[in-house]
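*Asks:* The following block contains the structure, expressed as structure tokens.
The values are calculated or read from the model by the stated rules, or taken from the named source; none is laboratory data. These numbers come from a predicted model, not from an experiment. Cβ: placed from backbone, ideal geometry, glycine included. Neighbour counts: every protein chain shown. Quick note on the areas: whole protein, heavy atoms, side chains included, nothing else; ligands and nucleic acids left out. Shrake-Rupley method; radii C 1.70, N 1.55, O 1.52, S 1.80 Å.
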Amino acid sequence: MMDMLSILLPALAAGVLVLASHVVMGRQVLARGIIFIDLAIAQIAALGAVLANTSHQLEHLVGVGWWLPLLFAIAGAALIAWLERVAKAELEAMIGCLYVLAAVAAMLLLANDPHGGELLKQLLSGQILWTDWDALLWPSVATGVVLLLLWWRPTLLSGRGFYPLFALMITFSVQLVGVYLVFASLILPALAVNRMDGSRALFSGYGVGLAGYLVGLGLSACWDLPSGATIVASLVAVALLARLLVCLCRDERRVTL
């Protein structure tokens, strides 16, 4: 039992860390109507991670596995911010194209790598159960700084500051939990409470996300299932249930009125 807890607790902490910033930013993503920005920037960051792992010229540089994906993510975010100004009507389609381009670029880089398939699987599905406490140090610092900035200046989310902050958080999250779980953590809790307002929606979103991670980790541990995929499926189920409850409560309120 203690051995299982020593694995599950860091994994749960990683999930809470991802949710801490992603629930807030997910609501902003829905408000902006740029749903696939998370997938695109996460995949671009993953491309940076692939380059860091496959380039012999870069592998000796200190911290290259963190700062190179971050540079890629910031460049991708800057490009999307520019596209938002010059081609807003086609922005979502262009974001999708960026995602596909980054994905195939990563596949091409790994085409001749004997361990390429495993690395690609790790970046997409994540290995949250392999997370340890040491791996959470810098993501915790970055998340704390970002949340303090948003508490100090909430308008950063609706202004140009959104994109660099988003790129920073996505980079750390991809390294912890993978592209798919990053997208699920960003969109599903926000979508579940999208018809709610104010702090009530925010706290409910955190509740949905935490419940999804708890259920997913529990099922993964009990039935020996892939952790990332199980948590994504659990987040979907919890988000659907929460959305249904929100709709039922709204309907009951209308009948009462």
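*Asks:* Would you say residue 46 is over 19 Å from residue 119 (Cα atoms) and small (Gly, Ala, Ser)? Explain how you work it out, then say what you get.
*Replies:* Values: over 19 Å from residue 119 (Cα atoms): no; small (Gly, Ala, Ser): yes.
No; evaluated as a whole, the condition is false for this residue.
*Asks:* How many residues are open to solvent by 10 Å² or more (accessible area, probe 1.4 Å) and in contact (Cβ under 8 Å) with a residue 40 or more places away in the chain when one looks only at the range 188-203?
*Replies:* First, pick out the residues of the range 188-203 that are open to solvent by 10 Å² or more (accessible area, probe 1.4 Å): 188, 191, 194-200, 202-203.
Checking which are in contact (Cβ under 8 Å) with a residue 40 or more places away in the chain leaves us with 188, 191, 194-196, 202.
The qualifying residues number 6.
*Asks:* In this structure, does residue 123 turn out to be crowded, with 21+ Cβ neighbours inside 10 Å, touching an Asp or Glu at 6+ places or on another chain (Cβ under 6 Å) and in contact (Cβ under 8 Å) with a residue 12 or more places away in the chain?
*Replies:* Values: crowded, with 21+ Cβ neighbours inside 10 Å: yes; touching an Asp or Glu at 6+ places or on another chain (Cβ under 6 Å): no; in contact (Cβ under 8 Å) with a residue 12 or more places away in the chain: yes.
In short, no.
*Asks:* Determine which single condition residue 125 fails, assuming it passes every other condition in (1) among the polar types (S, T, N, Q); (2) modelled with pLDDT of 85 or more; (3) in contact with a Leu (Cβ under 8 Å, 6 or more places away or on another chain).
*Replies:* Against the list (1) among the polar types (S, T, N, Q); (2) modelled with pLDDT of 85 or more; (3) in contact with a Leu (Cβ under 8 Å, 6 or more places away or on another chain), residue 125 comes up short only on (2).
*Asks:* Related question: Just to be sure I understand, how many residues within the range 145-161 are in a helix (DSSP H, G or I), free of Cβ contacts under 8 Å to residues at least 40 places away in the same chain and more than 19 Å from residue 174 (Cβ to Cβ)?
*Replies:* Applying the first criterion (in a helix (DSSP H, G or I)) to the range 145-161 yields 145-152, 154-156.
In the following step, the residues that additionally are free of Cβ contacts under 8 Å to residues at least 40 places away in the same chain were identified as 145, 148-149, 151-152, 154-156.
Okay, now just the ones that are also more than 19 Å from residue 174 (Cβ to Cβ), so 148-149, 151-152, 154-156.
Residues meeting the conditions: 7.
*Asks:* Of the residues that make up the range 9-29, is at least one open to solvent by 30 Å² or more (accessible area, probe 1.4 Å), within 16 Å of the chain's Cα centre (by Cα), under 30 Å from residue 213 (Cβ atoms) and charged (D, E, K, R)?
*Replies:* Within the range 9-29, one or more residues are open to solvent by 30 Å² or more (accessible area, probe 1.4 Å), within 16 Å of the chain's Cα centre (by Cα), under 30 Å from residue 213 (Cβ atoms) and charged (D, E, K, R).
*Asks:* Continuing with the same structure: Given 91, 58, 83, which one is under 13 Å from residue 37 (Cβ atoms), free of Cβ contacts under 8 Å to residues at least 24 places away in the same chain and of a type outside the set (Lys, Arg)? Before you say what the answer is, go through the steps one by one.
*Replies:* On the way: 91 fails: free of Cβ contacts under 8 Å to residues at least 24 places away in the same chain; 58 fails: under 13 Å from residue 37 (Cβ atoms).
On inspection, the qualifying residue turns out to be 83.
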